[in-house]
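Below is one structure, written out as structure tokens; the observations come after it.
The values are calculated or read from the model by the stated rules, or taken from the named source; none is laboratory data. Keep in mind that this is a model prediction, so the values were computed, not measured. Counting neighbours? That spans all protein chains shown, and the Cβs are built from the backbone with ideal geometry, glycine included.
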């Protein structure tokens with residue numbers, strides 16, 4: 001009976017760790033791809049290790065966040081079924097797991113290199129700051145979540161000791177803000193008048209305000225990427241101007257996501273949307289294949 005109970009707790013803990021969210025850590029590979037290091041097994045191995053460390057650290061943060069938000073999650077139509085909100089997962093069990101994952105992630109990061117370790121420490125610090133307080137500060141809450149993507153991209157470059165273009169970092173934070181604001185909008189639409197009761201910060205936003213913010217960051221994302229592909233330093237680094245041919249895929253991806261947000265009431269789970277919406281997934285894959293062909297062939 002004890003073994004069955006332990007197995008159930010382990011399964012619920014894995015669910016709380018959000019393995020579906022680990023797809024976000026693919027951003028870590030931006031450094032090895034754009035540094036043209038995919039042909040170097042050592043660099044690829046380090047990038048893979050760095051991505052798994054981010055998986056461990058992000059899962060630790062998800063667990064802590066669920067512990068802190070369990071009361072509010074019980075009033076959410078979907079989140080109330082989460083293991084901690086429903087009471088199925090023991091809080092002490094989850095807390096020990098979060099601490100273990102966080103310590104192992106940080107130890108592994110410092111083992112790869114001290115700069116990567118400091119960056120990983122920054123990621124955990126900002127993430128925990130968000131969980132405990134910053135998620136209640138309007139606008140800053142969105143920047144905290146978006147910063148996680150930037151730190152992943154920067155971490156992938158730091159781990160293999162290469163430089164990453166400032167333009168790519170700008171594109172990353174703008175795209176991340178776009179996804180975060182889309183998620184906020186979905187929550188507002190889904191919860192309606194009860195939105196602020198579930199999460200105080202949602203009362204500070206309106207769908208119209210979020211639409212305006214999304215318009216700013218989506219257009220800025222496209223413009224920044226266009227400038228990156230044509231920037232003299234980019235052309236010199238890769239010896240080609242053909243990256244401009246990947247711009248249509250970026251435009252399609254942004255437009256498709258906006259369509260899904262406004263016409264299909266999607267955007268609440270960007271990771272799941274990427275994997276389940278065929279046209280969006282095909283657009284992303286076409287962009288990735290085009291970038292690889294241009295940079296490596």
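Odds and ends about this structure:
- In the range 186-297, counting only helices (runs of 4 or more DSSP H) that sit wholly within it, the ones holding 2 or more residues that are free of Cβ contacts under 8 Å to residues at least 12 places away in the same chain and closer than 24 Å to residue 146 by Cβ span 195-198, 207-230, 247-263, 278-296.
- Put simply, of 131, 147, 182 the only residue that is touching a residue at least 60 places away in the same chain (Cβ under 8 Å) and either within 24 Å of residue 227 (Cβ to Cβ) or touching a strand residue (DSSP E or B) at 6+ places or on another chain (Cβ under 8 Å) (or both) is 182.
- Residue check, residue 156 closer than 26 Å to residue 175 by Cβ and either touching a strand residue (DSSP E or B) at 6+ places or on another chain (Cβ under 8 Å) or surrounded by fewer than 21 Cβ atoms within 10 Å (Cβ to Cβ) (or both): no
- Residue satisfying condition, being within 14 Å of residue 60 (Cβ to Cβ) and modelled with pLDDT of 90 or more, within set 104, 154, 118: 104
- Taking the conditions (1) surrounded by 14 or more Cβ atoms within 10 Å (Cβ to Cβ); (2) within 25 Å of residue 228 (Cα to Cα); (3) out of contact with any helix residue (DSSP H, G or I) (no Cβ under 7 Å at 6 or more places or on another chain) in turn, residue 190 satisfies each one other than (2).
- Verdict on residue 109 being loosely packed, with under 13 Cβ neighbours inside 10 Å and in the same structural domain as residue 132 (by TED's automatic domain parsing): no
- Scope the range 162-181; condition assigned to a helix (DSSP H, G or I) and over 13 Å from the mean Cα position of the chain (by Cα); matching residues: 166, 167, 168, 169, 170, 171
- Any hit, the range 63-71, residues being exposed (fewer than 15 other Cβ atoms within 10 Å of the Cβ), out of contact with any helix residue (DSSP H, G or I) (no Cβ under 9 Å at 6 or more places or on another chain) and without any contact (Cβ under 8 Å) to a residue 40 or more places away in the chain: no
- For the range 227-236, residues that are surrounded by 15 or more Cβ atoms within 10 Å (Cβ to Cβ) and more than 21 Å from residue 174 (Cβ to Cβ) total 1.
- Inspection of the range 130-139 finds a residue satisfying the criterion of being outside the structural domain of residue 238 (by TED's automatic domain parsing), in a helix (DSSP H, G or I) and loosely packed, with under 15 Cβ neighbours inside 10 Å.
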